[in-house]
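Below is one structure, written out as structure tokens; comments come after it.
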Amino acid sequence: MAAGKNQSIGRMSARQRMINMMYIVLTAMLALNVSSDVLNGFSQVEDGLSRTGRTLTARNMTLLSQLEEFNKKNPEKAKPWLDKASEVRAHSDSLFNYIDSLKTMIVTLADGKGADHHNIVNKDNLDASSQVMLDARGGKGQVLRMRIDRYRSYITSFISDNAKRANIEGALSTTISSEAGGEGNNKKWEETMFENMPAIAAVTLLSKLQNDVRYAEGEVLNQIIDNVDMGDLRVNLVNAFVVPQSRIVMRGTKYSANIVLAAVDTTQRPIVYIGGSRLNNDKGLYEVGTSKAGNYDYSGYIEVLGRDGTTTRRDFKSSYTVIDPLATVSATMMNVLYAGIANPISIAVPGVPEGSISASMTNGSLTRSGNGWVAHPTQVGAECVVTVTAEMDGQRTSVGSTTFKVRKLPDPTPYIAYKDDKGQPNLYKGGRGFSKALLLGAGGIGASIDDGILNIEYQVLGFEMVRFDQMGNALVERSAGNKFSERQVSAIKQLQRGKRIYINHVQAKGPDGITRDLPTSMEIIIN
């Protein structure tokens with residue numbers, strides 16, 4: 001009978017190890033579950049960024065063409081400036097193409113040979129960006145950061161306007177703020193940008209960097225043109241330009257664009273017509289409400305009165321993209337919520353201040369806590385839907401919702417708290433030698449969930465201590481709380497080196513108010 005009990009205890013210990021391993025695997029699978037809605041949102045943003053990038057490239061080519069035309073007419077004056085502009089283009093193309101190669105490498109790693117970063121199949125691949133950008137044996141993230149830093153220093157040396165220089169430095173900054181630095185605020189820029197980032201998100205971030213490069217290049221080309229005395233040429237090349245504040249806007253916000261004429265005479269403001277109607281301001285500011293996602297085109301013309309009294313007309317056309325607002329809702333601990341405890345939640349809406357964001361939740365309550373939120377779900381097995389709204393342009397708009405599963409807290413693991421030789425606190429969970437002095441000094445046991453994700457302490461209500469005499473008979477002593485009873489203490493003092501005792505039938509109560517009989521047995525080997 002005694003041997004049978006020993007075998008039962010051994011089997012229980014192995015089973016628990018298997019359960020623990022399955023729990024770790026399940027946790028990893030849950031953590032890797034990326035919402036398809038978020039991935040599709042990134043795809044929409046990537047498409048919009050690609051269109052914007054093509055527009056910026058075309059604009060810069062137009063500016064460079066102006067310098068080339070002026071160089072044909074007056075090479076003595078224009079040649080030095082054209083050389084500077086060509087050098088700027090070469091530096092910009094070099095960085096732009098390098099970023100493009102990184103996008104190809106990430107998507108190739110995610111989708112395999114023949115992959116296309118314009119049509120990513122495995123959008124939720126979390127390994128590709130980390131391997132390409134952060135691999136210790138040749139990650140490209142550090143190289144990219146250094147190249148961006150060199151390019152930023154080079155390109156801003158051409159900008160004399162402080163505000164424009166600050167904008168470019170901000171767009172190409174690789175400095176990590178304390179809010180974005182993550183735990184400990186010790187992460188490098190490349191780790192913050194690409195660590196465990198889905199492939200589609202990494203490609204979108206790189207596309208945004210490419211647009212920043214083209215934006216900086218365009219500002220410098222404009223600066224170079226301003227430095228050239230192009231008097232007659234500007235008159236000969238009068239053109240209408242549409243300068244939007246952004247080509248991608250959220251539904252419910254305004255699309256804003258400045259429509260201007262190159263080489264405008266400040267004493268004679270141009271008149272702007274769009275769709276046959278004249279703008280009601282003299283600054284060329286065009287604003288229109290956005291109520292539906294999609295691509296929108298518009299066109300018109302600019303009229304300006306010349307010195308000879310004749311009217312010059314220049315036509316223009318442009319487009320903009322309206323996207324649905326994207327709200328980011330994630331559980332800080334994992335992709336599930338647990339009933340009976342406070343679940344930290346992070347909620348963010350790109351481009352919207354934190355104070356303008358509101359959120360609510362079904363099957364429980366959701367409250368703001370500092371810079372984050374805390375969810376208190378109620379019914380286990382049901383779903384919680386977190387709905388987010390944001391105030392934009394004076395109107396409150398729904399920006400998305402996310403569904404979470406509600407689970408019961410897992411069983412805790414019993415332990416004995418002690419201090420090591422250096423006085424540092426430790427937890428003994430059985431299965432190896434343990435000093436009798438430390439065991440007596442601990443005075444009892446505890447129980448907690450301490451798996452690297454959850455860190456929850458339980459109240460021990462009672463437990464059994466089992467030992468075996470020389471005949472193999474099991475001797476059971478019961479404690480009515482978390483402390484060793486007098487009989488248990490007396491039994492521990494009699495134990496010799498190499499003897500084993502077992503902590504069984506632990507009863508513990510968690511913050512959810514549920515009392516559990518723990519299936520885990522803790523084996524203590526006296527050394």
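The values are calculated or read from the model by the stated rules, or taken from the named source; none is laboratory data. In this text the structure is predicted, and so the values were computed from the model without any measurement. Glycine gets a Cβ as well: all are built from the backbone with ideal geometry, and neighbour counts include every protein chain shown. Areas reflect the complete protein model, heavy atoms only, side chains present, ligands, DNA and RNA absent. Shrake-Rupley method; radii C 1.70, N 1.55, O 1.52, S 1.80 Å.
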Review point. What are the residue pairs meeting all of these: first residue in segment 394-409, first residue more than 30 Å from residue 512 (Cα to Cα) and open to solvent by less than 70 Å² (accessible area, probe 1.4 Å), second residue of a type outside the set (A, V, I, L, M) and assigned to a loop (DSSP other than H, G, I, E, B), Cβ atoms under 7 Å, and 6 or more apart or on different chains?
Key: 397/252; 397/325; 399/325
Point to revise | Enumeration of residues in segment 468-488 that are open to solvent by less than 50 Å² (accessible area, probe 1.4 Å) and either of a type outside the set (A, V, I, L, M) or in contact with a Cys (Cβ under 6 Å, 6 or more places away or on another chain) (or both) | key: 468, 472, 477, 479, 481, 484, 485, 488
Check your understanding: Got a number for residues in segment 416-428 being surrounded by 15 or more Cβ atoms within 10 Å (Cβ to Cβ) and either part of a loop (DSSP other than H, G, I, E, B) or β-branched (Val, Ile, Thr) (or both)?
Key -> 1
Study note, to complete from the structure: If you go through 324, 308, 315, the only one that is at pLDDT below 75, touching a strand residue (DSSP E or B) at 6+ places or on another chain (Cβ under 9 Å) and not polar (S, T, N, Q) is 324
Review point. Can you spot a residue in segment 368-381 that is touching a Phe, Trp or Tyr at 6+ places or on another chain (Cβ under 8 Å), part of a strand (DSSP E or B) and over 24 Å from residue 514 (Cα atoms)?
Key: no
Point to revise | Filtered residues of segment 280-305 (kept if open to solvent by 30 Å² or more (accessible area, probe 1.4 Å), assigned to a loop (DSSP other than H, G, I, E, B) and of a type outside the set (S, T, N, Q)) | key: 282, 283, 292, 293
Check your understanding: Of all residues in segment 429-456 being under 39 Å from the mean Cα position of the chain (by Cα) and without any contact (Cβ under 8 Å) to a residue 24 or more places away in the chain, which is surrounded by the most Cβ atoms within 10 Å (Cβ to Cβ)?
Key -> 455
Study note, to complete from the structure: Here the residues within segment 127-157 that are surrounded by fewer than 19 Cβ atoms within 10 Å (Cβ to Cβ) and closer than 20 Å to residue 86 by Cα are 147, 150, 153, 154, 156, 157
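Taking the criterion of being in contact with a helix residue (DSSP H, G or I) (Cβ under 6 Å, 6 or more places away or on another chain), in a loop (DSSP other than H, G, I, E, B) and closer than 17 Å to residue 204 by Cβ, would at least one residue in segment 103-119 satisfy it?
The first filter runs over segment 103-119 and keeps only residues in contact with a helix residue (DSSP H, G or I) (Cβ under 6 Å, 6 or more places away or on another chain), leaving 103, 105-106, 109-110, 115, 117.
Filter once more, keeping what is in a loop (DSSP other than H, G, I, E, B): 115, 117.
Filter once more, so that each one left must be closer than 17 Å to residue 204 by Cβ: 115, 117.
Yes, the conditions are met somewhere in segment 103-119.
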